[in-house]
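The values are calculated or read from the model by the stated rules, or taken from the named source; none is laboratory data. All values derive from a computational prediction rather than experimental measurement. Cβ placement follows ideal geometry from the backbone for every residue including glycine, while neighbour counts extend to all protein chains displayed. Ligands, DNA and RNA are excluded from the accessible area calculation, which covers all protein heavy atoms including side chains. Shrake-Rupley method; radii C 1.70, N 1.55, O 1.52, S 1.80 Å.
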Amino acid sequence: MDSETIEKYRQSGKIAAKALQHASKLIKPGVKLVTVCDAAEDKIRELGGGIAFPTQTSRNEIAAHYCPEDDDETVYQEGDVVKLDVGATVDGYVSDNALTVDLGDHAKLVKASREAVNAALKIVKPGTTLGEIGTAIQTAIEKYGFAPVKNLSGHGIGHYSVHESPSVPNFDSGSKNELVEGQSIAIEPFASTGAGMIQESSNPTVFMHVARRSVRSAFGRDILKDIESYNGLPFTTRWLSRKHGIGKTKFGLRELVNAGVIRGYPPLPDVRKGLVSQAEHSVLVFDKPIIITKLDE
Ligand code: CO
């Protein structure tokens with residue numbers, strides 16, 4: 001990785017971290033989820049970044065992928081465990097970070113995922129195996145008596161790419177695959193009071209363009225034009241419905257899903273409805289790793 005690319009990742013990470021900090025301060029009982037997501041995305045733009053993926057804010061047993069529609073009246077409640085997951089780009093270079101806000105008495109649960117990500121970051125360097133990263137995460141979470149979510153993992157990040165290899169396990173997977181100098185990865189442990197396994201629910205609002213195919217209706221074609229402008233990065237219903245109206249947007253999205261042009265990513269609840277916390281940072285792998293989403297560096 002050349003120094004220019006490193007600098008772009010650093011800028012991207014700084015923007016994602018500032019947007020995450022800014023929006024997380026708005027998370028309070030009675031505040032609408034959509035207000036917080038808009039605040040994060042507005043902040044990214046204000047700081048000169050691009051949006052890597054729609055900001056997501058998942059509550060309680062939902063680990064990830066909750067992204068409110070424009071007319072979603074859901075508000076945060078007293079007692080909630082709230083995840084906020086924010087990503088930015090600079091010249092297409094993706095950064096990804098997340099944290100948990102505790103609106104109840106779940107301090108230990110929040111600490112478990114935060115300590116897990118820090119334990120993993122501490123051993124990031126070329127040659128560390130993915131199994132060792134997973135073990136560090138699992139150990140930190142189990143110390144608090146919680147379960148790491150095993151079927152969610154960290155991931156490589158890249159140029160206009162939010163999810164690529166390697167998959168970074170949140171438990172001792174036994175993988176002997178090693179981290180490689182110059183890799184860019186996001187480490188994102190989830191701690192659960194339940195099963196430590198998530199499943200897909202329904203009604204996705206996060207989508208990604210997965211295949212180039214023609215579509216029949218004018219609605220579908222109009223919406224596809226916007227989707228193409230996202231450069232293969234994920235997008236959400238709200239962005240489209242604000243321009244095209246909700247009826248046309250839903251019709252178009254349904255057609256594109258059915259044609260296999262886009263794929264939906266529905267909310268992911270813990271299978272036993274345990275409460276879930278999350279922490280995430282993006283890091284460049286070097287002997288002296290660069291945690292691009294840490295603001296104090
Ligand atoms: Co991520």
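Among strands (runs of 3 or more DSSP E) entirely within the range 45-125, having at least 3 residues that are in contact (Cβ under 8 Å) with a residue 24 or more places away in the chain and open to solvent by 10 Å² or more (accessible area, probe 1.4 Å) singles out 50-56, 81-90, 93-102. The condition of being under 13 Å from the mean Cα position of the chain (by Cα), within 16 Å of the ligand (Cβ to nearest atom), closer than 19 Å to HIS22 by Cβ and hydrophobic (A, V, I, L, M, F, W, C) holds for ILE51.
Can you work out which of the residues in the range 169-185 that are surrounded by fewer than 24 Cβ atoms within 10 Å (Cβ to Cβ) and either basic (Lys, Arg) or part of a strand (DSSP E or B) (or both) is nearest to the ligand (Cβ to nearest atom)? Restricting to residues being surrounded by fewer than 24 Cβ atoms within 10 Å (Cβ to Cβ) and either basic (Lys, Arg) or part of a strand (DSSP E or B) (or both), the top hit is GLU178. Look at VAL82 and say whether it is within 15 Å of the chain's Cα centre (by Cα), at pLDDT 95 or above, within 16 Å of the ligand (Cβ to nearest atom) and on the phi < 0 side of the Ramachandran plot. For VAL82, the condition - within 15 Å of the chain's Cα centre (by Cα), at pLDDT 95 or above, within 16 Å of the ligand (Cβ to nearest atom) and on the phi < 0 side of the Ramachandran plot - is not met. Taking the range 131-151 as the range and being buried (at least 23 other Cβ atoms within 10 Å of the Cβ) and either within 16 Å of the ligand (Cβ to nearest atom) or under 15 Å from the mean Cα position of the chain (by Cα) (or both) as the test, the residues that pass are ILE133, GLY134, ILE137, PRO148, VAL149. Scanning the range 244-274 for residues that are in contact with a Ser or Thr (Cβ under 6 Å, 6 or more places away or on another chain) and buried (at least 22 other Cβ atoms within 10 Å of the Cβ) returns THR249, PRO267, PRO269, ASP270, GLY274.
Cβ-Cβ contacts under 7 Å between residues 6 or more apart (or on different chains), taken from a first residue in the range 140-165 that is assigned to a loop (DSSP other than H, G, I, E, B) to a second residue that is hydroxyl-bearing (Ser, Thr, Tyr) and within 15 Å of the ligand (Cβ to nearest atom), are listed as SER153/SER167. Of all residues in the range 23-33, none satisfies being among the β-branched types (Val, Ile, Thr) and within 22 Å of ILE227 (Cα to Cα). Filtering GLU73, GLU61, GLU115 for residues that are among the charged types (D, E, K, R), at pLDDT 95 or above and over 24 Å from TYR265 (Cα atoms) leaves a single hit, GLU115. Among the residues of the range 2-23, those identified as surrounded by fewer than 16 Cβ atoms within 10 Å (Cβ to Cβ) and either in a helix (DSSP H, G or I) or in contact with a Leu (Cβ under 7 Å, 6 or more places away or on another chain) (or both) are SER3, GLU4, THR5, GLU7.
Please verify whether the range 192-211 includes one or more residues that are within 16 Å of the ligand (Cβ to nearest atom), open to solvent by less than 40 Å² (accessible area, probe 1.4 Å) and in contact with a helix residue (DSSP H, G or I) (Cβ under 7 Å, 6 or more places away or on another chain). The answer is no, given that none of the residues of the range 192-211 is within 16 Å of the ligand (Cβ to nearest atom), open to solvent by less than 40 Å² (accessible area, probe 1.4 Å) and in contact with a helix residue (DSSP H, G or I) (Cβ under 7 Å, 6 or more places away or on another chain). SER214 - would you say it is away from the ligand (no atom under 16 Å from the Cβ) and open to solvent by less than 10 Å² (accessible area, probe 1.4 Å)? Spelling it out, it is not the case that SER214 is away from the ligand (no atom under 16 Å from the Cβ) and open to solvent by less than 10 Å² (accessible area, probe 1.4 Å). Within the range 75-89, being touching a strand residue (DSSP E or B) at 6+ places or on another chain (Cβ under 7 Å) and not charged (D, E, K, R) holds for VAL75, TYR76, VAL81, VAL82, LEU84, VAL86, GLY87, ALA88, THR89. All of PHE286, PHE235, PHE219 fail the test of being touching a residue at least 24 places away in the same chain (Cβ under 8 Å), touching a His at 6+ places or on another chain (Cβ under 9 Å) and open to solvent by 30 Å² or more (accessible area, probe 1.4 Å), apart from PHE219.
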